[in-house]
Amino acid sequence: MIPGVTIYEILTVTSILFFIGVYGFITRKNLISILISVELILNASVINFVVINKYLYPDMLQGVIFSIFIIAVAAAETALAVSIIINLYRQISSVEVKDIETMKY
Amino acid sequence: MTIDSFLIMRHEILLLAIILLLVAGEIFIPENKKNSMVHLAIFLFGLHTVIGFLPIEEDSMFGGSFHTNDLIHFFKSVLNVGVLILLLISADWLQEKIVSQNRGTEFFILMFSSLFGMYFMISAGDFLMFYLGLELSTLPVAALAAYNITKRISSESGIKFILSSALASGVSLFGMSMLYATSGSIYFNDIIEVIAPSNLTLLGAVLFFAGLAFKISLVPFHFWTADVYEGAPISIASYLSVISKGAAVFILMILLFTVLKPLIHAWENIVYSIALATMFIGNLFALRQQNMKRFLAFSSIAQAGFILLGLITGTQLGTATIVYFVLIYICSNLAAFGVVQSISLQTGKENMSDYEGLYRTNPNLSLVMMLALFSLAGIPPVAGFFGKFFLFTAAASEGYYLLVFFAVVNVIISLYYYLLVVRAMFLRKSDHPIPFFKNNLYMRLGLILTVIGILVLGLYSPLYDYIYELSSVFN
């Protein structure tokens, strides 16, 4: 709980964060930037869980526990994605989206 | 809670033991005998499949996080059978291409980990366990999709899969946080009691649905499907299209029929429109495909649209027909992928035009492929017809006549492109047909199992009655 800050303000921030992530995922041309956008989405939900837990249901810790698991899984996901990107980079020397379009339609 | 109560996790414990045994085998089996890893893994998993059919009692553990009942137990066995057939039809590929690079054991470990995640996903009793199961079932498959590390399209399909699955799980998590905000709990049983159709709950449910719709590759979320299937090794494409899709359909069904049941007036409209879009787009795009893997990818999108016809009902009949259809779909699609796998392994050819004149050189393979495609299309004597027929009956019994009409239109469209392949195999002549070859034991065994499934499952009605009886648990 932060004194002077209501839950609406924080949830507005997380919603904005979420949509920045979705926008970035769609518009970015670089695989690493897309990965960062996905992280933004995941972090928006992490903050959501913690804030909802703290403001609305402070007697249980379900949201906080959930957020720890999300962080751990997100780390695993990023590691795997980066390793695949590195493998791709070894073959085509590029991490641009326009270069991974050999399969289409 | 005693040590005995862990026995309800028998599937999970056994599979974990197999994974650990394979790790030990990787360490202790010498380099020149690595071929035996494939036999060992198939043998152990076959044993696990057989043991999996033994009955189990209904119970829940870990404060309700993990629960099981007869239907869930049965579905885990169905997934086991699917994976076993899949291992049989990919054994050749593994021995020729993968074990020779000394990467055979990882394949099994990753695939079994993914199956392990699916067990937890379909047994989940809260959103945390569900999320962990979903991720554990998705991430190893991304690694497997990029398994041909020397091939560019394999890496491409891996990165496409992991990025879009990460987006889907992120969106799904955002939805879960909204459901948590309105209900105050992440446990399904607590949510059922307090859930009410408020705006925030609806938004949460829709976002959550989107995450699972990605796994099933329903239409607005299907863009990854064809690319990933084409680039990934064929075993992984069939795993994605059969096992992964089946498990996701099952958990989506459980959640819609139990937790989100009070919102049925909201989600039935969503499912209705998505079913229409999925069937039409899947079928129309399949018409123009030449590559067999892409063709099967779009056909599997269309099949997912048919499954939604059972999902829209929310009744016991719907549950039974979905489980029954998924069982048949596993057999028919694995047969089709098995033939594609064996031809691709022998000749490296994957295009529809390469199949011309196949009947003259390889009559048995052509017959298996024909049965599989007839079953997917739903032509009467084979099982696929009964699966589709029951799905349509379920939807019609709830009054969705227009939807059933469009589904039948789609069956006709799909018949056209399935018969294109059959025509290429049986009627066309080719100057350079695929030469005759003999499959080895595992591949033949796998294909025979699928053919038995296609021929018997539809006609053996006690099976459907049994599934119907089990399905009463969710209603």
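What follows draws every value from the coordinates through simple rules; no lab data is involved. All of these numbers come straight from a predicted model, not from anything done at the bench. Positions of Cβ are backbone-derived with ideal geometry, glycine not excepted, and every protein chain shown enters the neighbour counts.
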- Long-range Cα-Cα pairs in chain A (distance over 16 Å), rounded percent: 65
- What is the ratio of the Cα radius of gyration of region B:299-443 to 2.2 N^0.38 Å, where N is its residue count, to two decimals? 1.17
- For region B:7-12, in order, what is each residue's ³J(HN,Hα) by Karplus, 6.51 cos²θ - 1.76 cosθ + 1.60 with θ = phi - 60°, in whole Hz (x at glycine and Pro)? 5, 5, 9, 4, 4, 5
- Note on the structure: Residues meeting the amide H criterion for residue B:59 (H placed from the backbone, H to H distance under 5 Å, 5 or more places apart or on another chain) are B:68
- Message: Going by average Cβ density within 10 Å per residue, which order do the peptides B:462-470, B:142-150 take, highest to lowest?
- Response: B:142-150, B:462-470
- Task: Provide the per-residue ³J(HN,Hα) series for region B:410-427, in order, calculated from phi with Karplus coefficients 6.51, -1.76, 1.60 and θ = phi - 60°, each as a whole number of Hz, with x at glycine and proline positions.
- Result: 5, 4, 5, 4, 5, 4, 4, 7, 5, 6, 4, 5, 4, 5, 4, 6, 9, 9
- Note on the structure: Mean other chain Cβ within 10 Å across B:179-192 is 3
- What does the highest-first list of A:1-8, A:28-35 look like by mean Cβ count within 10 Å? A:28-35, A:1-8
- Protection proxy ranking of B:244-250, A:17-23, A:58-64, B:281-287 - average other beta-carbon atoms within 10 Å, highest first: B:244-250, B:281-287, A:17-23, A:58-64
- Kindly provide log₁₀ I(q)/I(0) values, in the same order as q = 0.06, 0.08, 0.12 Å⁻¹, from the Debye equation applied to equal alpha-carbon scatterers of the protein assembly as shown. -0.29, -0.52, -1.24
- Note on the structure: Computed on Cα atoms, Rg of region B:257-350 relative to 2.2 N^0.38 Å comes out at 1.32
- Dividing the Cα radius of gyration by the Kirkwood radius, what Rg/Rh value follows for region B:163-317? 1.00
- Task: Counting only C-alpha contacts under 8 Å and six or more residues apart, can you give the relative contact order of chain B as a whole percent?
- Result: 15
- Task: Please work out the Cα center distance from region B:28-69 to region A:1-53, rounded to the nearest Å.
- Result: 39
- Message: I need two numbers for chain B: Rg to one decimal and Dmax as a whole number, Cα atoms only, in Å.
- Response: 21.4, 69
- Message: Regarding region B:233-390, what's the average projected area of the Cα-atom convex hull, expressed in nm²?
- Response: 9.2
- Item | Proximal lysines to residue A:104, defined as alpha-carbon separation beneath 28 angstrom and excluding residues fewer than eight positions away on the same chain | A:29, B:97, B:151, B:160, B:215, B:245, B:293, B:349
- Which whole-Hz couplings ³J(HN,Hα) result when phi for each residue of region A:84-95 is put into the Karplus expression 6.51 cos²θ - 1.76 cosθ + 1.60, θ = phi - 60°, listed in order with x for Gly and Pro? 5, 4, 5, 4, 5, 4, 4, 8, 10, 6, 7, 10
- Query: When Cβ neighbours within 10 Å are restricted to other protein chains, what is their mean count per residue of peptide B:143-156?
  - Reply: 4
- So, with +1 on the Cβ of K and R and -1 on the Cβ of D and E, and no other charges, what is the size of the charge dipole of the protein assembly as shown about its Cα centre, to the nearest 20 debye? 1860
- Message: Taking beta carbons within 10 Å but only from partner chains, what does the mean come to for residues A:72-85?
- Response: 6
- Query: Per-residue ellipticity at 222 nm for the protein assembly as shown, helices alone: DSSP H runs ≥ 4 residues times -39500 (n - 2.57), over residue total, nearest 500 deg cm²/dmol?
  - Reply: -25000 deg cm²/dmol
- Name the residues whose placed amide hydrogens come within less than 5 Å of the amide hydrogen of residue B:126, ignoring near sequence neighbours (fewer than 5 apart) on the same chain. B:188
- Amide H neighbours of residue A:30 under 5 Å, at least 5 residues apart or on other chains, H built in the peptide plane: list them. A:97
